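The structure appears right after this line, and notes come after that.
The values are calculated or read from the model by the stated rules, or taken from the named source; none is laboratory data. For clarity, every value in this text was computed on a predicted model and none was experimentally measured. A quick note on method: Cβ atoms are made from the backbone with ideal geometry, for glycine too, and the neighbour counts reach across all protein chains shown. In case anyone asks, the SASA skips ligands and DNA or RNA and just uses the protein heavy atoms, side chains included. Shrake-Rupley method; radii C 1.70, N 1.55, O 1.52, S 1.80 Å.
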Amino acid sequence: MNKITNETINKAESEAVSGKKTILSGIQPTGVATLGSYLGALRNWAALADTYSCYYSIVDMHAITVRQVPAELRRLQYEQLAVLIACGIDPDKNVLFVQSHVPAHAQLAWVLNCYTMFGELSRMTQFKDKSSKNADNINAGLFSYPALQAADILLYRPDLVPVGADQKQHVELTRDIAVRFNGIYGDVFKLPEPYIPKVGAKIMDLQKPTSKMSKSEIDNGGCVLIMDKPEDIMRSFKRAVTDSETSVRYDAKNKPGVSNLMQIYSVCSGKDFGAIEKEFEGKGYGELKTRAGEAVIELFRPIREEAARLIGDRAYLQAVMKDGAKKASFTANKTLSKVYKKIGFIEL
Ligand code: TRP
C-alpha cells in the first residue's frame, strides 16, 4: 500500500471542503499531442485547475490493447507528461499520473467487467473500429477496454469528463454501469457527464481534410504534432490538400482543405474568417499554407522547447509521476475499498 503523507491528506481534505467540482480525463500516451487535440482540448485545460479539482491520467494500460514497442511506449509516456506540463497543466495544481501506477484502476476494472454486458461492449463503435483495423489481434483487453475506462472515471467521482466526441459512447456506458451497480448496492458511484469541446475548433487532416486530424491514422503527413520540428510542420502545411479553385473562402462542404487551413489560421491568430478572406484576397493558396504553418510553428515553439527541457530532466518527471500516483491512489483507494465492501470481499 502507498504511504500517504499528511500533506496529501490535507490537500485532499481542503479540496473536499472547498467543494470544487472534479474533472477527470484519460490521455493515450500515443495520442494527444496533435494540433487537433491541442486546439480542441489541451490548451483549455490549464485554466480549468482554478475552478476544478483535475485529474489527468496517462493511460498506458489502455495503450497495450494494441501492440506497442516497449521502449517506445516508455518514451511516449515521458513525452506526454512533459507536453502536458509544458501546456501549462501545473503538477502542483492538477493530479497528473500514470494509470498503471495506481493499481486500483486494474482492480476496479475487474469488478466492473462483471457488471458490464457482452452485448454492451459489442456495440461500442471504437471496438468495432479498432478490431477491423487490428484484425490479427482482437484481444479481450480491446473488447473490455470500456470497463477499464469506466474504472478510470468512477474511481475519482468526477462531475465532468472532458473527451472528444468519439468517446461519448464510453462515458455513457460508464454511466450505465454505475447506474446498474448503484441499483444493486446503493449510492456508490457518482454519475459523470461527458464534457465535449465545441466543434468550432475541429481540426481536420491536412492530407484528407474530410477526416479528423488523428495520429492513429496511417502516417501520411496530414497530422501535425506539438513536438514536430518547425521544418516538418512547414512541409506538412505546404503539402496540404486544397482544391482546384483559387479563392480563399470558407466553405467547409465544398472546400474542406482550404476551410481547414483557414480554421487553423483563425484559431492560432484570433482572426475571424471574414478578416482572413480579406487578408488573402488576390493571393493564392500557397500564401495561406505558409501563413498557417508559421502560425502553428510559433504557437508550438514555447511548448516544444519547454517540453524538450523537461524530457531531459528524467528525475523531475519521475518525481511528478510519484507524487501524482500518491495523490491519485488516495482518492482511488477510498472508492475501491467501498466497492470491495459492498460486493462482499473481505477486508484485512
Ligand atoms: N479512451 C480514451 C481515448 O481513446 C482514453 C481514456 C482512457 C479516457 N480512460 C479514460 C478518457 C477516462 C476519459 C476518461 O481517448
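A few notes on this one:
- Matching residues, region 167-178, being polar (S, T, N, Q), surrounded by fewer than 20 Cβ atoms within 10 Å (Cβ to Cβ) and more than 7 Å from the ligand (Cβ to nearest atom): Gln169
- Which listed residue is under 27 Å from Gly257 (Cβ atoms), touching a residue at least 40 places away in the same chain (Cβ under 8 Å) and buried (at least 16 other Cβ atoms within 10 Å of the Cβ), from Lys208, Lys215: Lys215
- On inspection, Gly164 qualifies as open to solvent by less than 40 Å² (accessible area, probe 1.4 Å), modelled with pLDDT under 95 and either touching a Leu at 6+ places or on another chain (Cβ under 7 Å) or within 16 Å of the ligand (Cβ to nearest atom) (or both).
- Whenever a residue of region 25-42 is among the small types (Gly, Ala, Ser), its partners that are near the ligand (Cβ under 10 Å from one of its atoms) and in a helix (DSSP H, G or I), lying with C-beta atoms within less than 6 angstrom and at least six residues away or across chains, give the pairs Gly26/Asp152.
- Residue within region 75-94 that is touching a helix residue (DSSP H, G or I) at 6+ places or on another chain (Cβ under 7 Å), within 15 Å of the ligand (Cβ to nearest atom), charged (D, E, K, R) and farther than 22 Å from Asp50 by Cα present: no
- Here Ala63, Ala46, Ala104, Ala71 are screened, and the one residue that is away from the ligand (no atom under 12 Å from the Cβ) and within 29 Å of Pro209 (Cβ to Cβ) is Ala46.
- Test: residue in region 120-132 that is outside any helix (DSSP H, G or I), closer than 21 Å to Arg175 by Cα and away from the ligand (no atom under 14 Å from the Cβ): yes
- Residue list for region 281-299, restricted to those being within 12 Å of Ser269 (Cα to Cα) and open to solvent by 20 Å² or more (accessible area, probe 1.4 Å): Arg291, Glu294, Ala295, Glu298, Leu299
- Output for region 328-348, where each listed residue is closer than 14 Å to Lys190 by Cβ and open to solvent by 60 Å² or more (accessible area, probe 1.4 Å): Lys334, Lys338
- Unmet criterion (only one of (1) open to solvent by 10 Å² or more (accessible area, probe 1.4 Å); (2) more than 16 Å from the ligand (Cβ to nearest atom); (3) more than 30 Å from Ala252 (Cα to Cα); (4) touching a helix residue (DSSP H, G or I) at 6+ places or on another chain (Cβ under 7 Å)) for Ile184: (4)
- Scanning region 115-139 for residues that are more than 20 Å from the chain's Cα centre (by Cα) and open to solvent by less than 80 Å² (accessible area, probe 1.4 Å) turns up Tyr115, Thr116, Gly119, Glu120, Leu121, Ser122, Ser131, Asn134, Ala135, Asn137, Asn139.
- With respect to the conditions (1) touching a strand residue (DSSP E or B) at 6+ places or on another chain (Cβ under 9 Å); (2) loosely packed, with under 15 Cβ neighbours inside 10 Å, Ser259 falls short on a single one, namely (2).
- Total residues in region 148-161, condition in contact with a Pro (Cβ under 7 Å, 6 or more places away or on another chain), within 9 Å of the ligand (Cβ to nearest atom) and either open to solvent by 10 Å² or more (accessible area, probe 1.4 Å) or not hydrophobic (A, V, I, L, M, F, W, C) (or both): 1
- Qualifying residue in region 306-323 (condition: at pLDDT 95 or above, among the acidic types (Asp, Glu) and touching a helix residue (DSSP H, G or I) at 6+ places or on another chain (Cβ under 8 Å)): yes
This table checks each residue for (1) in a loop (DSSP other than H, G, I, E, B); (2) surrounded by fewer than 20 Cβ atoms within 10 Å (Cβ to Cβ); (3) at positive phi; (4) modelled with pLDDT under 95.
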site	(1), (2), (3), (4)
Pro29	yes, no, no, yes
Ser37	no, no, no, yes
Ala46	no, yes, no, yes
Tyr56	no, no, no, no
Ala71	no, yes, no, no
